[in-house]
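Colleague: This is the structure I want to talk about, given as structure tokens.
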Amino acid sequence: MNELAIAAFAAETGSHLLSAPPTQRFAAFVRTFDQRAYAARLEERGLRWLPRSDAAFPPLLRSIHDPPPGLFLRGSGEPGTLAAPAVAIVGARACSAYGAHVARVCARELAQAGLVVVSGLARGVDGEAHRGALDVGGTTVAVLGCGIDRDYPASNRELARRIAEAGLIVSEYAPGVEPAPWRFPARNRIVAGLAAAVVVVEAREASGALITADLALEEGRDVFAVPGEITSALSAGCNALLRLGAIPLTSPADVLEHFGLAATARPDVPVTPYAASVLAALREAAATGDELARRTELEAATLAAALTELELAGLVIEAEGVYRAQ
Amino acid sequence: MLARAVTHAVVGLDACRVEVEAHLQGQVPAFAIVGLADRACQEAKERVKSGIKSAECEWPQRRIIVNLAPAGLRKEGSGFDLPIALAILSASRQVPPDQVRAHAALGELALDGRVRPVRGALAVAEGARRSGLDRIVCAAESAAEVELAGVVPVPVRHLAEAVAYLRGEIAAPERHEEREPERPAAAPDLSDVRGQERGRRALEIAAAGGHNLLLAGPPGTGKTMLARRLPGILPPLMRDEIVEVTRIHSVAGLLSARCPLVTTPPFRAPHHSASMAAIVGGGPGPRPGEASLAHRGVLLLDELPEFQRPALEALRQPIEDGAISVARAAGHAIFPARFQLVGTMNLCPCGGRGDAGAECSCSPQRLAAFRDKLSRALIDRFDLVVTVPRARAHELAAPAAEASEAVRERVIAARERLREGSLARTTEASELLDRAVERLPLSTTEASELLDRAVERLPLSGRGRARVARVARTAAALAGADRVLPEHVAEALSYRSPSELRAP
């Protein structure tokens, strides 16, 4: 079967195809389609085609009920990367600082333990997940909902470049396909399909991240959800998943345990006594600078110095004025 | 018959000598003013005529030509009334011409002959001193400014008083201190601010080092409240600074009889609808804008992202150079503008970001547009960036915190140390050039190593590094240290631009 012809035909007709359509138009297209020339053009642009029939095609993705005819690949990673144990981290585009932090830290831990982090290159949680994996020099795979040659959204172009350097960008859509709203749920099935487990960080009701979780459940993959505040619309989707029986994610170690991996032990960084007391306070609960000043009873100047020390040591991060222990 | 009086026209912040020549000729009564006089200046005719009659002098029934020389310079405003009247009286020999020539004159005439103050008296008096005149006949209200320029004022309240003095009938009128010059309304005090430990500390550092400060956070957390308390902890102006600042405020016409001199650092808070010309200065004969009015003081831009982008970008030059050069068809002026910039902003357009009790409803596109409004270059010029979180209810009930007076004492001591001690390199920390920063006594190797490590780990530009070094120096001065130690660098690093203010 000529899978590349199917992908090229889908791109030309603006449709979504899983197998050869029984139409005359397709038959005519196949007769004139020059597979070798098309493949050469792909190669010129640094792109590759991995057909479903190829032995290197990720088995997990092949096993879903509607696998794509093949995947276009961009980046330095080997096709084998896609078959490695992977976790998808997905969530809201307009996430909170807390969501961004959890996505990043989680991706770091998982990538550090050798798992591939899969996500959708969107703003918000997706982008943070990719960044987290890149932070620790891990492997990450971005699945696009548009043609393989596009960077969408444009604001993540630089991120896409870094992902391509260290991992893979994949899409079932041929070069030139424009992003369209209906293509993103289809993209989500590939995100879910590539991963053995899906982590939902922040999701509103009826959001794309929930679609990914539903697809993963249908395929029998594990779904982790990060618990959120019950009053926050941003966490409504996650909390609904938990109610339906998703595994609550309380620490990245929960996911690692599922894969039979141990969390990498963090070496103890020696810190000054002031910094140690600030760190202890932050391990109790995240706090703003002013709350810390009162809790630790340190001078504002001393506290500021201690916070910088902890940030430089990578033990604490700050977002929107709130400090959190890593 | 010809006679002359001398005055000065304000050009930008300088004064240009103007000779007022009055010529009486012929017997057909007429009155004309020539020499590029603007409308207010042309209208002087009626005021001078009424004024002279009210002073019980004689209006010469002759053809009167008044020439304002140099004729090429545009004359604006009503300050020429008094010199024109004196020139006419001198030409008709009602006052001795040599007496008139020995004095400069400045003031507007009321129809009943009273003399009113005009803007720019300090600049005019300085001009008079430069052209060798040591006495100025002026309105009583302008006397304090004239004295500041080192020129003897002859304060008069009525044209008749000026005439009597020039005729030698009375001695120079005494300067009447009607009442003690009123102390400018006290700035709001820091003791009103509950909680906000980090914000207060940043304010203190900003005051001590003259640093630019950006306060970011959700609405209603007290950003503006903190910013408004900065002038209250700044040291009073020194003599040279009083002259500089008073000159600008005088030219802008902002001085009143009650506070004729600016002795405390000015505080300007233009509304965010202000145009670029209103901020940096402009107008046909350029006038100083808000940035110059805040010279040696504080320029507060409340809701920074709401300002027009051109107005904000135009501030980059004065932040670097401490001066603004305004070029217009009618002339070119350089206004000093060495102000301390304080900005406040929300973290997103809806204001929900950074507030645990609210939820941000901004779309990613809207958020990106909001951040794009502030260029990286502008954000980079804030030495201190502090996120002001929402205070919890129990903080508001906390006992009053330290008052401005105590903080100001520390600020004054720190400035002294920055100026005199081993930390000193130039008078103001923010006046340091980047090159000078490289030679800062970043003293201990640990301190510079810490800074180097931070440059590797955190997104710090070259300018960012210099900025951190400057703030660290101020922190060292506040702590009474004679060298910059690692803890000072660490503290300075905690006030760098947080990632939320930058595009992802």
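Colleague: Does segment A:176-190 contain at least one residue that is of a type in the set (S, T, N, Q), under 26 Å from A:Ser19 (Cβ atoms) and in contact with a helix residue (DSSP H, G or I) (Cβ under 8 Å, 6 or more places away or on another chain)?
Modeller: Checked segment A:176-190: at least one residue is of a type in the set (S, T, N, Q), under 26 Å from A:Ser19 (Cβ atoms) and in contact with a helix residue (DSSP H, G or I) (Cβ under 8 Å, 6 or more places away or on another chain).
Colleague: Now for a separate question. Any idea which residue in segment B:309-344 is farthest from the other protein chains (Cβ to nearest Cβ), counting only those that are crowded, with 21+ Cβ neighbours inside 10 Å, within 29 Å of B:Arg74 (Cα to Cα) and not aliphatic (A, V, I, L, M)?
Modeller: B:Phe335
Colleague: Within the set of pairs 6 or more residues apart or between chains, which connect a residue that is within 12 Å of chain A (Cβ to nearest Cβ) and farther than 13 Å from B:Ala403 by Cα inside segment B:188-214 to a residue that is assigned to a loop (DSSP other than H, G, I, E, B) and hydroxyl-bearing (Ser, Thr, Tyr) with Cβ atoms less than 7 Å apart?
Modeller: Going by the 7 Å Cβ cut-off, the qualifying pairs are B:Ala202/B:Tyr495.
Colleague: Please give the number of the condition A:Asn188 fails out of (1) crowded, with 23+ Cβ neighbours inside 10 Å; (2) within 30 Å of A:Thr308 (Cβ to Cβ).
Modeller: (2)
Colleague: Could you tell me which residue of segment A:279-313 is surrounded by the fewest Cβ atoms within 10 Å (Cβ to Cβ), considering only residues that are within 14 Å of B:Leu493 (Cβ to Cβ), in contact with a Lys or Arg (Cβ under 9 Å, 6 or more places away or on another chain) and more than 7 Å from every other protein chain (Cβ to nearest Cβ)?
Modeller: Among those that are within 14 Å of B:Leu493 (Cβ to Cβ), in contact with a Lys or Arg (Cβ under 9 Å, 6 or more places away or on another chain) and more than 7 Å from every other protein chain (Cβ to nearest Cβ), it is A:Glu311.
Colleague: Still on this model: B:Leu347 - would you say it is assigned to a loop (DSSP other than H, G, I, E, B), modelled with pLDDT of 80 or more and within 10 Å of another protein chain (Cβ to nearest Cβ)?
Modeller: yes
Colleague: Right, something else. Output the number of residues of segment B:321-349 satisfying the condition of being without any contact (Cβ under 8 Å) to a residue 12 or more places away in the chain and under 23 Å from B:Leu234 (Cβ atoms).
Modeller: Here the count works out to 1.
Colleague: Quick test for you: out of A:Leu217, A:Leu159, pick the one residue that is surrounded by fewer than 23 Cβ atoms within 10 Å (Cβ to Cβ) and within 15 Å of A:Ile64 (Cα to Cα).
Modeller: A:Leu217
Colleague: Related question: Sort through B:Ala3, B:Ala9, B:Ala15 and tell me the only one that's part of a strand (DSSP E or B) and over 37 Å from the mean Cα position of the chain (by Cα).
Modeller: B:Ala3
Colleague: Say whether the condition of being surrounded by 20 or more Cβ atoms within 10 Å (Cβ to Cβ) and either among the hydroxyl-bearing types (Ser, Thr, Tyr) or in a helix (DSSP H, G or I) (or both) is met by at least one residue in segment A:57-75.
Modeller: Yes, segment A:57-75 contains a residue that is surrounded by 20 or more Cβ atoms within 10 Å (Cβ to Cβ) and either among the hydroxyl-bearing types (Ser, Thr, Tyr) or in a helix (DSSP H, G or I) (or both).
Colleague: Also, quick follow-up: Scan segment A:248-258 for residues that are surrounded by fewer than 20 Cβ atoms within 10 Å (Cβ to Cβ) and closer than 20 Å to A:Ala100 by Cα and jot them down.
Modeller: Selection gives A:Pro248, A:Thr250, A:Ser251, A:Ala253, A:Asp254.
Colleague: Evaluate segment B:363-373: report whether one residue or more is modelled with pLDDT of 80 or more, within 11 Å of chain A (Cβ to nearest Cβ) and within 18 Å of B:Arg201 (Cα to Cα).
Modeller: No - not one qualifying residue is present in segment B:363-373.
The values are calculated or read from the model by the stated rules, or taken from the named source; none is laboratory data. Keep in mind the model is a prediction, meaning the values are calculated, not measured. Glycine gets a Cβ as well: all are built from the backbone with ideal geometry, and neighbour counts include every protein chain shown.
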